[in-house]
1. Just the number please: accessible area per residue for the chain, 1.4 Å probe, all protein chains included, in Å².
2. In whole Å, what are the Cα extents of region 109-221 along the three principal axes, biggest one first?
3. Determine the distance separating the Cα centre of region 104-138 from the Cα centre of region 177-193; give it in Å without decimals.
4. Against the empirical 2.2 N^0.38 Å scaling, what ratio does the C-alpha Rg of the chain come to?
5. For the chain, which whole-number percentage of the solvent-accessible area (1.4 Å probe, protein heavy atoms only) is attributable to carbon and sulfur atoms?
6. Give me the tail of P(r) for region 142-197 as a percent: Cα-Cα pairs with distance above 19 Å.
7. Would you calculate, for the chain, the mean residue ellipticity at 222 nm contributed by helices, counting each DSSP H stretch of 4 or more residues as -39,500 (n - 2.57) and dividing by all residues, to the nearest 500?
8. Looking at region 113-189, which trypsin sites (Lys or Arg not before Pro) are DSSP coil and have at most 12 other C-beta atoms within 10 Å of their C-beta?
Amino acid sequence: GINAEYGGVVLRTMGFIKILLTLVYVAHLVNCQVLFNGDFETGDLSQWDYVQQCNNDPPRISVYSAANLPAPDAPLPYQGKFAAHFKVFNSDVAPCTSTDNPRAQLETKLSLFSIGEEVWERFTIYLPKSWPRMNESCSGCDGNPWLLFQEDYGEPYDGSPSLGWDIGFVNKRESFTLNRGAPLYDSIWNIPLEREKWMDFVVHKKFSADANVGFVEAFVNGEQIKFIPCGGCTTFYTSTLHPTMKSNGFFVNLYRAHNMWPVAEMYFDSCKVGRNRTDVGF
């Protein structure tokens, strides 16, 4: 009768909806390609392939939660339950690290990125109230204070990264800046430095040593940045990979010029790399 026929239509419709939802879910899984997750939600540094730090007590890099803040001016984690605290002293140099400039850093495997790949990256940083003031003419840094907090880098480690997210002294002010390495050594974007605020960086780039192929676009706290050399464009074509490098890893650092400060502390959270912007939660 009519009721039976109606019931059959309902069952067939429900079956179709289930199939459609399954296909949508499978498509989501196919498109969702997280290449690396370093969000510290394991409660430790086990997500990272390599940790470079001086093995002093306490360790230079530690994971913390709201229940055990590492300093009076430490922030609550940006996302989830955990974040990372970096504390680097002026003495954190070779031989306990790899250079004569102080550093602590986390690295993925160095084969994470290869030539021609297009990726999205995300990382957040926080500078506390106690973050030391940068002086343009610091002793020992030849009038060029610098600090690198994110780079994509790899063997043979020949010089500065093609693109590096830095803290520097630009236009006589402390600044967050995106710099190019050799041979240009210029700042292609900068904004005034801010303390006591999580800064959320989302970066979209294609890896190539060819400046006509490689590109970068980026968002800071959700706002798309405009690049200086192209007069304010939002997608900037430039070399994003050293000609000598066939692959790169994803690094977060507190790596800075020697003799800038006795000690500096900063915080990281939400580090993630994927094929699509949704893979990094953006």
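1. On the way: 13680 Å² over 282 residues.
The answer is 49 Å² per residue.
2. The principal-axis extents, from largest down, are 39, 30, 26 Å.
3. 14 Å
4. After normalising by residue count via 2.2 N^0.38 Å, the value is 1.18.
5. Numbers: 7440 of 13680 Å².
Looking at the chain in its full context, I get 54 percent from C and S.
6. Taking all Cα-Cα pairs of region 142-197, the fraction more than 19 Å apart is 27 percent.
7. -4000 deg cm²/dmol
8. Values: sites: ARG122, LYS129, ARG133, LYS172, ARG173, ARG180; in loops: LYS129, ARG133, LYS172.
Answer in residue order: LYS129, ARG133, LYS172.
The values are calculated or read from the model by the stated rules, or taken from the named source; none is laboratory data. The shown structure was predicted, so the numbers you read here are calculated from the model rather than taken from an experiment. Cβ atoms come from the backbone with ideal geometry, glycine included; neighbour counts cover every protein chain shown. Areas reflect the complete protein model, heavy atoms only, side chains present, ligands, DNA and RNA absent. Shrake-Rupley method; radii C 1.70, N 1.55, O 1.52, S 1.80 Å.
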